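This report refers to the structure that appears directly beneath it.
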Amino acid sequence: MTLENIPHWEDDPEKSNELLKKCGVDGVSTYCCPVIHREKFPEAGYPETVENGILEFEKQTKKTDLPYQVNVITSWDPSPRTVQSDIYGDYGYPYDWLINDSTPELFEKFLRAAKEFIESDKSTGDTVGIYAWNEWTEGGYLEPDTENGYAYLDAIKRVFG
């Protein structure tokens, strides 16, 4: 179950935890990872997203009574899903914040932090999720491309073997 879909998660996590238990849910995660919003829409920074994501691992783990599975992201850009002739404004998905300044090196840092977290005594989960293999229309993909080749996949290999 992704936290974004849980009623009252932000304002009443205790109520949400009760609901999850009643439904038989055995673990939670996030869809992608939290985005740091800069002052000027729509650009959000990947370095800030990595730092915030790392902080969120512990924050979300403390909020839930269930195992929390951490999640990392390569990038996020849902703009291809918009009407291209529209003005790109802060209207909500798919007119959303864009994270286009990812690098394989920063992605590896994010992976290492996620691995260290799930191996620590702070973690209740045991999985690192990665958004996404081939979500080209949201800018999240691991498949080799002409710009980075296999660099994102190589980062996973270096961290997880």
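The values are calculated or read from the model by the stated rules, or taken from the named source; none is laboratory data. Here the structure is a predicted model, which means the values were calculated and not measured. No Cβ is skipped: glycine too gets one built from the backbone with ideal geometry, and neighbour counts run over all protein chains shown. Just the protein is used for accessible areas: all its heavy atoms, side chains included, with ligands, DNA and RNA removed. Shrake-Rupley method; radii C 1.70, N 1.55, O 1.52, S 1.80 Å.
Below, the figures for the structure above:
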| read-out | value |
| --- | --- |
| Pairs beyond 27 Å (Cα-Cα), from Lys122/Lys157; Lys22/Lys122; Lys59/Lys109; Lys40/Lys62 | Lys40/Lys62 |
| Chymotrypsin sites (Phe, Trp or Tyr not before Pro) restricted to region 1-79 and DSSP loop, no more than 13 other C-beta within 10 Å | Tyr31 |
| Estimated FRET transfer efficiency (Glu51, Asp12; beta-carbon r; R0 25 Å; 0.05) | 0.40 |
| GNM result for the chain, Cα springs below 10 Å: residue of Pro104, Pro47, Pro80 fluctuating most strongly | Pro80 |
| Carbon/sulfur fraction of accessible area - region 13-72, other protein chains in place, 1.4 Å, % | 54 |
| Loop sites in region 30-76: trypsin sites (Lys or Arg not before Pro), DSSP, at most 15 other Cβ within 10 Å | Arg38, Lys40 |
| Region 14-98 - accessible surface per residue (Å², probe 1.4 Å) | 54 |
| Pairwise FRET efficiency - Val25 versus Arg81, Cβ, R0 = 41 Å, nearest 0.05 | 0.90 |
| Over region 1-143: Kirkwood hydrodynamic radius from C-alpha pairwise inverse distances, Å | 16.0 |
| Taking region 119-161 and dividing mean pair separation by its residue count, relative contact order in percent (alpha carbons under 8 Å, at least six apart) | 19 |
| Rel. contact order, % - alpha carbon contacts under 8 angstrom, at least six apart, the chain | 23 |
